[in-house]
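S.K.: Quick one: the structure is below, and I'll ask about it shortly.
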Amino acid sequence: MSMKNPYLQSVLDGLKTRNAHEPEFLQAVEEVLESLEPVVDSDPRYERQNIIGRIVEPERVVIFRVPWVDDAGKVQVNRGYRVQFNSAIGPYKGGLRLHPTVNLSVIKFLGFEQIFKNALTTLPMGGGKGGADFDPKGKSDGEVMRFCQSFMSELYRHIGPDTDVPAGDIGVGAREIGFLFGQYKKIRNEWAGVLTGKGLSYGGSLARTEATGFGLCYFADAQLRDNGQSFQGKRVVISGSGNVAIYANQKCTQLGGKVIAMSDSNGYIVDENGIDYQVIQQIKEVRRERIKAYLDQVPTARYVEGCAGIWSVPCDIALPCATQNELDETAAKALISNGCIGVFEGANMPCTPEAVAAIKGAGLMFAPAKASNAGGVATSGLEMSQNSGRISWSFEEVDAKLKGIMEGIYQACADAAQQYGKKGDIQAGANIAGFLKVADAMLWQGVC
């Protein structure tokens, strides 16, 4: 891609030279910079202070060894990461991902996106991300505990309630957060709100588990209503069957939609009668089985091997909630030809650039993850507030705040897009609105 603004192009060219081996990170940066051309053109301070050149470079990158002992007594070694990207508007905030695909490029892409996502929530949180190339699938509780304790034995030096507050992500749920928090508390000899997604008995927030999936649907509902549509009577396809997908199913069903397909990394299930989120929840969160087990309890469903084919299922609304770059141009064209009216991202950057271009080019509604899946980190911010005040809000209070935040994010994106000549382009609006808040803070704070 070539940009008209020479300053933006020079920043991107330099980044590509220095980070040629980081495709996910470069993809995320390029998508944002393309949206920012009218903003940078409108204010010479951004170039004069090299705001773009500074915002694409992490403030700090920590990479470390994570040794642990498996159940057979064999010593294993993984690689851990924490990228502290930008603290202009608050302490670093972003999840920890445990998955074999984790590398520096993936963590930097996630951390970069987190800067703008957190800014959109209006809460005082900077952007960061972390994780390791450890796979918790198939591991015993003891193995996961020993890994988490080893991971935290290094990470604790770099985090704190007013410095960096990690949360969960792929592979990091309540079990992992508990082990991580216990080790932090032991090493530091203090109880502090240093992690979010904690259990309710030790400082967690009600509605945090549901937040990303609920928030996705609140955002999608606002965008649908702004375009004369709603979830009512719509057939919905959701990729994934983790935390985001499960609770997106619950909320969109409550809003009148019918979820007809869900997936995991092995394949997908289809049921025109609607997929019961409670059955999926039991399979995935309690029994930790593959999604194919759904057929044992709901014989009207059918199972198809291979997860990529889920986008061939005709639907009105698509919610990609699995992982990055899962929905490509071919899948996008299948959705378009089958009459889909909107694609709302639940995972981080699940649509390839070619898919996004096809979706927007065909006139479908599109919501980028940095806006539509911000509900998780928004509620993490609310958990931080409760920890700081040693208070606890009811589920209804947190859910109401989440709904208000997500509707506010949609409106901010729509307004920013219109202000800079991109009316209706929520992707551009999200990038612009998030950037403006962070850039303003950076301008005030000088060169640091």
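S.K.: Applying the selection to region 240-289, what residues are among the basic types (Lys, Arg) and within 18 Å of Gly138 (Cα to Cα)?
M.R.: Across region 240-289, the qualifying residues are Lys284, Arg287, Arg288.
S.K.: Being open to solvent by less than 30 Å² (accessible area, probe 1.4 Å), part of a loop (DSSP other than H, G, I, E, B) and touching a strand residue (DSSP E or B) at 6+ places or on another chain (Cβ under 7 Å) narrows it down to one residue among Val102, Val165; which is it?
M.R.: On inspection, the qualifying residue turns out to be Val102.
S.K.: Hey, can you tell me all the residues within region 228-285 that are polar (S, T, N, Q) and assigned to a loop (DSSP other than H, G, I, E, B)?
M.R.: Gln229, Ser230, Gln232, Ser241, Ser265, Asn266, Asn273
S.K.: Could you go through region 1-15 and let me know if any residue there is at pLDDT 95 or above, under 22 Å from the mean Cα position of the chain (by Cα) and surrounded by fewer than 16 Cβ atoms within 10 Å (Cβ to Cβ).
M.R.: Within region 1-15, none of the residues are at pLDDT 95 or above, under 22 Å from the mean Cα position of the chain (by Cα) and surrounded by fewer than 16 Cβ atoms within 10 Å (Cβ to Cβ).
S.K.: Given the residues Val29, Val62, which is the only one that is in a strand (DSSP E or B) and under 25 Å from Gly446 (Cβ atoms)? Lay out the reasoning, then the answer.
M.R.: Values: Val29 fails: in a strand (DSSP E or B).
The conditions single out Val62.
S.K.: Which of the residues belonging to region 167-200 are over 17 Å from Met145 (Cβ atoms) and of a type outside the set (D, E, K, R)?
M.R.: Ala167, Ile170, Asn189, Trp191, Ala192, Gly193, Val194, Thr196, Leu200
S.K.: Mind listing whichever residues of region 342-351 are surrounded by 24 or more Cβ atoms within 10 Å (Cβ to Cβ) and small (Gly, Ala, Ser)?
M.R.: Correct list: Gly346, Ala347.
S.K.: Say whether the condition of being surrounded by fewer than 21 Cβ atoms within 10 Å (Cβ to Cβ), modelled with pLDDT of 95 or more and touching a Phe, Trp or Tyr at 6+ places or on another chain (Cβ under 7 Å) is met by at least one residue in region 364-383.
M.R.: No - not one qualifying residue is present in region 364-383.
S.K.: Also, I was wondering about something else. Within region 178-217, count every residue that is under 30 Å from Lys258 (Cβ atoms), open to solvent by less than 30 Å² (accessible area, probe 1.4 Å) and more than 17 Å from the chain's Cα centre (by Cα).
M.R.: 1
S.K.: Turning to a different aspect of this structure: Which one is surrounded by the most Cβ atoms within 10 Å (Cβ to Cβ) among residues in region 68-90 that are under 15 Å from Val106 (Cβ atoms) and either free of Cβ contacts under 8 Å to residues at least 24 places away in the same chain or not β-branched (Val, Ile, Thr) (or both)?
M.R.: Arg82
S.K.: Another one. Among (1) modelled with pLDDT under 95; (2) of a type outside the set (A, V, I, L, M, F, W, C); (3) under 18 Å from Val236 (Cα atoms); (4) crowded, with 16+ Cβ neighbours inside 10 Å, there is one condition Thr300 misses while meeting the rest; what is its number?
M.R.: (4)
S.K.: Does Gly339 satisfy being small (Gly, Ala, Ser), surrounded by 17 or more Cβ atoms within 10 Å (Cβ to Cβ) and either in contact (Cβ under 8 Å) with a residue 40 or more places away in the chain or within 20 Å of Gly363 (Cα to Cα) (or both)?
M.R.: It is false that Gly339 is small (Gly, Ala, Ser), surrounded by 17 or more Cβ atoms within 10 Å (Cβ to Cβ) and either in contact (Cβ under 8 Å) with a residue 40 or more places away in the chain or within 20 Å of Gly363 (Cα to Cα) (or both).
S.K.: Of the residues Lys251, Lys258, Lys292, Lys234, which single one is surrounded by 15 or more Cβ atoms within 10 Å (Cβ to Cβ), over 21 Å from Glu210 (Cβ atoms), of a type in the set (D, E, K, R) and in contact with an Asp or Glu (Cβ under 9 Å, 6 or more places away or on another chain)?
M.R.: Result of the check over Lys251, Lys258, Lys292, Lys234: Lys292.
S.K.: Could you run through region 410-433 and say how many residues are among the polar types (S, T, N, Q) and under 18 Å from Glu345 (Cα atoms)?
M.R.: Final tally of qualifying residues: 3.
S.K.: Within region 165-182, is there a residue that is over 24 Å from Val66 (Cα atoms) and in contact (Cβ under 8 Å) with a residue 24 or more places away in the chain? If you could, list the steps in order and put the result at the bottom.
M.R.: As a first pass, look at region 165-182 and keep what is over 24 Å from Val66 (Cα atoms): none.
No, region 165-182 has no match at all.
S.K.: Quick check on Thr323: is it at pLDDT below 95 and open to solvent by 70 Å² or more (accessible area, probe 1.4 Å)? Outline the logic, then answer.
M.R.: Numbers: at pLDDT below 95: yes; open to solvent by 70 Å² or more (accessible area, probe 1.4 Å): no.
When the stated conditions are applied, Thr323 does not pass them.
S.K.: For residues that are of a type outside the set (D, E, K, R), surrounded by fewer than 20 Cβ atoms within 10 Å (Cβ to Cβ) and touching a residue at least 60 places away in the same chain (Cβ under 8 Å), tally how many sit in region 399-435.
M.R.: The qualifying residues number 3.
S.K.: Still on this structure: Being exposed (fewer than 15 other Cβ atoms within 10 Å of the Cβ) and either closer than 18 Å to Leu155 by Cβ or under 28 Å from the mean Cα position of the chain (by Cα) (or both) is true for just one of Arg45, Arg65. Which residue is that?
M.R.: On inspection, the qualifying residue turns out to be Arg65.
The values are calculated or read from the model by the stated rules, or taken from the named source; none is laboratory data. Please read all numbers here as calculations on a predicted model, not as lab measurements. Note that each Cβ is placed from the backbone with ideal geometry, even for glycine, and that neighbours are counted across all protein chains shown. When the accessible area is computed, the model is the full protein with side chains, heavy atoms only, and any ligands, DNA or RNA have been set aside. Shrake-Rupley method; radii C 1.70, N 1.55, O 1.52, S 1.80 Å.
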